[in-house]
1. Does A:S30 satisfy the criteria of being assigned to a loop (DSSP other than H, G, I, E, B), more than 12 Å from the chain's Cα centre (by Cα) and facing chain B (nearest Cβ under 10 Å)?
2. If I filter region B:14-72 down to residues being among the aliphatic types (A, V, I, L, M) and part of a loop (DSSP other than H, G, I, E, B), which single residue comes out as surrounded by the fewest Cβ atoms within 10 Å (Cβ to Cβ)?
3. Would you pick out the residues in region A:34-61 that are within 22 Å of A:T5 (Cβ to Cβ), more than 14 Å from chain B (Cβ to nearest Cβ) and touching a residue at least 24 places away in the same chain (Cβ under 8 Å)?
4. Return the residues of region A:4-22 that are away from chain B (no Cβ under 12 Å) and out of contact with any helix residue (DSSP H, G or I) (no Cβ under 8 Å at 6 or more places or on another chain); say none if nothing qualifies.
5. Counting only residues that are farther than 15 Å from B:Y50 by Cα and open to solvent by less than 10 Å² (accessible area, probe 1.4 Å), which one in region B:92-111 is farthest from the other protein chains (Cβ to nearest Cβ)?
6. Mind checking which residues of region A:80-110 are of a type in the set (G, A, S) and under 17 Å from B:K57 (Cα atoms)?
7. On the basis of being closer than 16 Å to A:R3 by Cβ and more than 10 Å from every other protein chain (Cβ to nearest Cβ), does A:K65 make the cut?
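The values are calculated or read from the model by the stated rules, or taken from the named source; none is laboratory data. Bear in mind that the values here come from a model prediction, so they are computed numbers and not experimental data. As a convention, Cβ positions derive from the backbone with ideal geometry for all residues, glycine included, and neighbour counts pool all protein chains shown. The area values use the complete protein model at the heavy-atom level, side chains included, leaving out ligands, DNA and RNA. Shrake-Rupley method; radii C 1.70, N 1.55, O 1.52, S 1.80 Å.
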Amino acid sequence: AQRVTQPEKLLSVFKGAPVELKCNYSYSGSPELFWYVQYSRQRLQLLLRHISRESIKGFTADLNKGETSFHLKKPFAQEEDSAMYYCALSVWSGGSNYKLTFGKGTLLTVNP
Amino acid sequence: DAGITQSPRHKVTETGTPVTLRCHQTENHRYMYWYRQDPGHGLRLIHYSYGVKDTDKGEVSDGYSVSRSKTEDFLLTLESATSSQTSVYFCAISETTPGYEQYFGPGTRLTVT
């Protein structure tokens with residue numbers, strides 16, 4: 001069965017330090033992976049998706065099929081990056097339909 | 001923010017009472033989803049819809065039902081609320097899948113006493 005694992009519930013770094021939020025997945029099909037972010041008192045929003053290979057707010061994520069990972073990285077963390085981060089996997093659910101399976105999330109705190 | 005609203009935004013209800021949450025979109029997106037968010041569990045899919053009157057179960061559908069009679073509205077009903085259904089409920093929409101962004105509503109905080 002499909003699964004998304006985010007091994008760290010909490011991650012705390014200092015401003016300017018590199019940050020890496022880990023995400024591993026298990027899926028028999030071709031994976032479509034996403035990172036969503038939820039800032040305090042705001043709705044969830046898409047941060048980035050692997051198919052677009054883009055960098056948003058300085059964050060990047062590379063899909064590693066060999067290691068079944070999609071880790072989120074930023075070389076220099078900022079205080080405004082403090083948020084809950086969710087890794088998500090798009091899973092085929094029959095016909096032409098897909099749904100997202102989310103990890104349990106990592107709460108990132110960037111200290112001044 | 002994409003045109004998604006949820007109502008009510010907060011609700012306190014008693015065990016055993018029925019509760020209906022509403023998600024309304026103005027984007028004319030085909031897919032709509034209901035999630036619950038709980039500490040330590042992340043987001044879990046309850047039900048989703050891939051068109052008017054077309055719905056399917058997610059991973060935590062027990063105790064919940066949904067209806068979609070119009071493209072813009074997706075209703076989540078707790079037939080007989082229990083304390084374990086105390087949670088924050090999020091609605092999301094997407095234009096198509098896979099690989100496309102889901103847009104989330106602001107959430108509904110439900111407390112069952």
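1. yes
2. Quick first cut of region B:14-72, residues among the aliphatic types (A, V, I, L, M) only: B:19, B:21, B:32, B:43, B:45-46, B:52, B:60, B:66.
Going one step further and asking which of them are part of a loop (DSSP other than H, G, I, E, B), we end up with B:52, B:60.
Numbers: B:V52: 13, B:V60: 18.
Filtering first and then ranking leaves B:V52.
3. A:F59, A:A61, listed by residue number.
4. A:P7, A:E8, A:L11, A:S12, A:V13, A:F14, A:G16, A:A17, A:P18, A:E20, A:L21, A:K22 - these are the residues of region A:4-22 that are away from chain B (no Cβ under 12 Å) and out of contact with any helix residue (DSSP H, G or I) (no Cβ under 8 Å at 6 or more places or on another chain).
5. Among them, the one singled out is B:L110.
6. Of the residues in region A:80-110, the ones of a type in the set (G, A, S) are A:82-83, A:88, A:90, A:93-96, A:103, A:105.
Passing the criteria: A:S90, A:S93, A:G94, A:G95, A:S96.
7. The answer is yes for A:K65.
Matching residues to (1) over 30 Å from B:Q6 (Cα atoms); (2) not β-branched (V, I, T):
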residue	(1), (2)
A:V4	no, no
A:S28	yes, yes
A:R43	no, yes
A:H50	no, yes
A:I56	no, no
A:G66	yes, yes
A:D81	no, yes
